Amino acid sequence: MLPSVQRNRILLLAAALGVAAVVAVVLILVGSSGNSNAPTTTAQSTTPANTSLFGGIQQHGDTLGKPGAPVSLTVFEDPQCPFCRDWDLETLPTVVERYVRTGRVKLVYRGIEIIGLNSLNGLRAIYAAGRQNKLWTLVNELYTVQGAENSGWITATVVRQAASAIGADGAAILAASNTAGVTAELVKAAKEATADSVNGTPTFVLQRPAGLPQPLTVSALDPATFTSALDAALQ
């Protein structure tokens, strides 16, 4: 967590109602927030974006990096969060090159809705993109077009355009976004956020094979500060 630089975005549902109620609310709300007019076809880009950042790195569902990497870094994010955007666009490239590409760390995505209901549209699309092993790529692309918080910017059109930009099947993403499997991913993320005492985004949790999850506390999100904290945690 970022006590000195990030907004105190509280997980009101988790704090007030508990995990069981969060699960119930997610099940109700995510269904209504999905787009019911998803197209059956979409154009595909012949030159996908983000190839230099993620090219040659394994993606499997919500995980980026070698499955056997000795350390997992779980990243809790909301697609509407401007601080998440800053970390993803400015610092993630350094993390990928220094730790993920070298096999030292794998990244695990946990998307949680804390800003507003429009976040659920993005989260559902993001987890649906995981079916094509392009979750992290879609996250990155959505941050490049991020609009104002709670302005309703995450639409089916935006999802289709982002999917096309990364060479993904936008129609399949929109079709899968309202499935029970995607809902289960949202519920899982909400439960883990509660278990890990997440109270803002982005939040980072480090785990080694034989150890318990430990929060990675950083004072700023810039590459130098973040990697310094991660280096110290990996020692």
Open item on the list: 7 Å from Cα along Cα→Cβ at both residue 89 and residue 133: what's the point-to-point distance in nm?
Closed with: 2.9
Open item on the list: Can you give the FRET efficiency to the nearest 0.05 for residue 188 and residue 149, using r as the Cβ-Cβ distance and R₀ = 30 Å?
Closed with: 0.75
Task: Cα-centred dipole magnitude for segment 100-159, charges only on beta-carbon of K, R (+1) and D, E (-1), debye, nearest 20 - done: 440
Task: Point-to-point label distance, residue 195-residue 104, nm (Cα→Cβ direction, 7 Å offset) - done: 2.7
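Coordinate-derived values only; no laboratory data. Computed from a prediction, not measured in an experiment: that's the story for all the values here. Methodologically, a virtual Cβ is constructed for each residue, glycine included, from the backbone with ideal geometry; neighbour enumeration extends over all protein chains shown.
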